[in-house]
Amino acid sequence: MKIGIVCYPTYGGSGVVATELGKALAKEGHEIHFITYSQPTRLDFFSENLYYHEVSVNKYPLFEYPPYELALASRMVDVVEHEKLDLLHVHYAIPHASAAHLARQILAKKGIVIPFITTLHGTDITLVGKESAYVPVVTFSINESNAVTSVSEDLKRETYAYFDITQDIEVIPNFIDLSRFKKQKKDHFKKAICPNDEKLIVHISNFRKVKRVQDVIQIFNKVRKVIPAKLLMVGDGPERMYAEETCRQTCTYDDVRFLGKLEAVEEVLSVSDLFVITSEKESFGLSALEAMACEVPVISTNTGGLPELNVNGVTGFLCDVGDVETMAARSIEILDDANLQRFKEGALKRAHEFEVSRILPLYEDLYNRVVAKAKAEASGAVLK
Ligand code: GMT
């Protein structure tokens with residue numbers, strides 16, 4: 001099948017999922033065309049089945065806000081027409097779903113049938129999508145999609161609760177490539193960070209407000225009073241500066257390292273003992289799954305889709321948002337040498353349930369159904 005994938009090419013989870021999905025589909029022999037404004041971060045190699053089409057927006061002086069959505073729709077039209085695509089799969093509702101709808105209409109006028117699938121990732125519904133300025137467009141473009149998927153049951157519930165949705169939403173969770181995300185032997189790295197055999201706690205995110213990174217630091221400060229520990233903060237974003245400031249003030253700065261954005265997160269995860277994710281909202285928690293695949297137990301909040309991934313008492317613990325006291329106590333429990341191995345094994349076992357080879361067929365099955373239905377509808381329309 002020839003599939004166009006539209007996503008944000010940045011470090012965010014939705015872009016990662018879209019890129020990894022495209023790569024996995026290409027391996028299965030599908031022809032994948034990425035349509036976005038810059039090369040997706042994890043798409044930095046050559047494969048005969050992968051293509052990248054850049055969307056460029058001219059910064060004409062008249063435009064205070066360059067019309068990206070229109071440039072994207074036009075590029076979709078161009079790629080569908082010339083590469084003879086069967087399907088568009090857009091990740092993140094805003095503005096990708098509405099641009100796909102526009103492209104589909106333009107192509108229909110040319111007699112070309114192009115169904116589109118929208119995958120909801122989280123903040124496109126839980127934060128940005130709920131802004132009243134976007135609600136009508138988000139609702140409309142979800143309802144107009146040929147199919148809609150969400151990355152968790154919770155996100156599906158939330159979408160139905162907030163928007164007037166007439167469309168079926170299929171849940172297809174995030175997935176993991178276990179050939180890449182696996183515990184590697186990096187003893188020298190562990191020794192360098194934890195010279196006295198301290199336990200290593202890690203947090204990975206885009207440091208947005210929704211991640212509550214200050215909670216991570218509070219938890220760490222409580223844990224290190226009981227267990228010698230170090231903290232690695234991976235990623236970058238608006239809250240990083242405040243987080244660093246807090247570390248300086250609470251005198252833990254020497255024990256905390258801010259590593260910024262890292263491509264090979266699996267190397268850091270390979271030497272970590274505990275992953276902490278304190279988000280206020282989290283539709284799935286791909287970073288927690290990546291940690292689990294590297295045998296790292298997870299302390300998470302019990303919000304959004306996290307309880308669908310992190311199994312309380314088995315792969316880690318689930319705690320109320322902001323309850324740093326309990327999160328610290330549970331962290332200490334996991335890091336206790338009498339328990340740690342059991343949690344590591346639980347985390348890895350659970351990660352296997354989200355292996356890409358298990359999830360990919362769900363997308364392929366959906367693609368086949370959507371394309372077949374669109375073709376049948378089109379031929380029915382012609383016959384009438
Ligand atoms: O976590 C982020 O802020 C990035 C965001 C995105 O849209 O790129 O991630 C969302 O999509 C990921 C992939 O489906 C999910 O694993 C994340 O849980 C979700 N983030 C939130 O819901 C906050």
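We did not get these values from a lab; they are worked out from the coordinates using the rules stated. Source: prediction; values computed, not measured. All Cβ positions, even for glycine, are placed from backbone atoms using ideal geometry, and neighbour counts span all protein chains on display.
Between VAL314 and GLU267, the FRET efficiency estimated from the beta carbon spacing at R0 = 22 angstrom works out to 0.30. Taken over the Cα atoms of the chain, the convex hull encloses 149 Å³ per residue.
If the limit is 19 Å between Cα atoms, which of LYS2/LYS375; LYS183/LYS349; LYS156/LYS344 go over it? As for pairs spanning more than 19 Å Cα to Cα, those are LYS156/LYS344.
Computed packing ranks the peptides 154-165, 239-250 as 154-165, 239-250, most packed first, by mean other Cβ atoms within 10 Å.
Counted residue by residue at 0.36 nm each, then reduced by the alpha carbon distance between them, the extension gain from SER379 to LYS27 reaches 123.6 nm.
Charge dipole (Cα centre; +1 on Lys/Arg Cβ, -1 on Asp/Glu Cβ; no other charges) of region 187-352 amounts to roughly 140 debye. By the count of neighbouring beta-carbon atoms within 10 Å, fewest first, LYS110, LYS27 end up ordered LYS110, LYS27.
Packing around the peptides 373-380, 2-9, taken as the average count of other Cβ atoms within 10 Å per residue, puts them in this order, highest first: 2-9, 373-380.
Full extension of the segment from GLU325 to GLU48, taken as 0.36 nm per residue of separation minus the current Cα-Cα distance, would add 94.5 nm. Angle, helix 324-335 long axis vs. longest principal axis of the chain, Cα atoms, 0 to 90°, nearest 10? Approximately 80 degrees, to the nearest 10. Ranking SER357, SER74, PRO195 by Cα position along the charge dipole of the chain, where only Lys, Arg, Asp and Glu carry charges on their C-beta atoms, puts SER74 farthest toward the positive end. Taking the number of Cβ atoms within 10 Å of each Cβ as an exposure proxy, the fewest-first ranking of SER152, SER56, SER74, SER331 is SER56, SER74, SER152, SER331. Quick query: amide H of GLY122 versus all other amide H atoms, modeled in the peptide plane; which residues come in under 5 Å with a sequence gap of 5 or more or a different chain? The list, which skips near neighbours in sequence, is empty: none. Taking Cα atoms of region 266-366, Rg/Rh with Kirkwood Rh, to two decimals? We get a ratio of 0.99 for region 266-366. Angle of helix 213-223 to the longest C-alpha principal axis of the chain, folded into 0 to 90 degrees and rounded to 10: 30°. Most tightly packed first, judged by the mean number of other beta-carbon atoms within 10 Å of their residues, the peptides 144-150, 35-41 read 144-150, 35-41. Set the Förster radius R0 to 22 Å, insert the Cβ-Cβ distance between LYS59 and SER38 as r into 1/(1 + (r/R0)^6), and round the FRET efficiency to 0.05. Computed FRET efficiency for LYS59 and SER38 comes out at 0.90. With unit charges on the beta carbon (Lys/Arg positive, Asp/Glu negative), name the residue among GLY15, SER300, LEU85 whose Cα is farthest towards the positive pole of the charge dipole of the chain. Positive-most Cα among the choices belongs to LEU85. For the Cα trace of region 187-352, dividing Rg by the Kirkwood Rh returns an Rg/Rh value of 0.92. Residues VAL202, VAL135, VAL80, arranged from fewest to most other Cβ atoms within 10 angstrom of their Cβ, appear as VAL135, VAL202, VAL80. The long axis of helix 135-144 is offset from the longest Cα principal axis of the chain by roughly 60 degrees.
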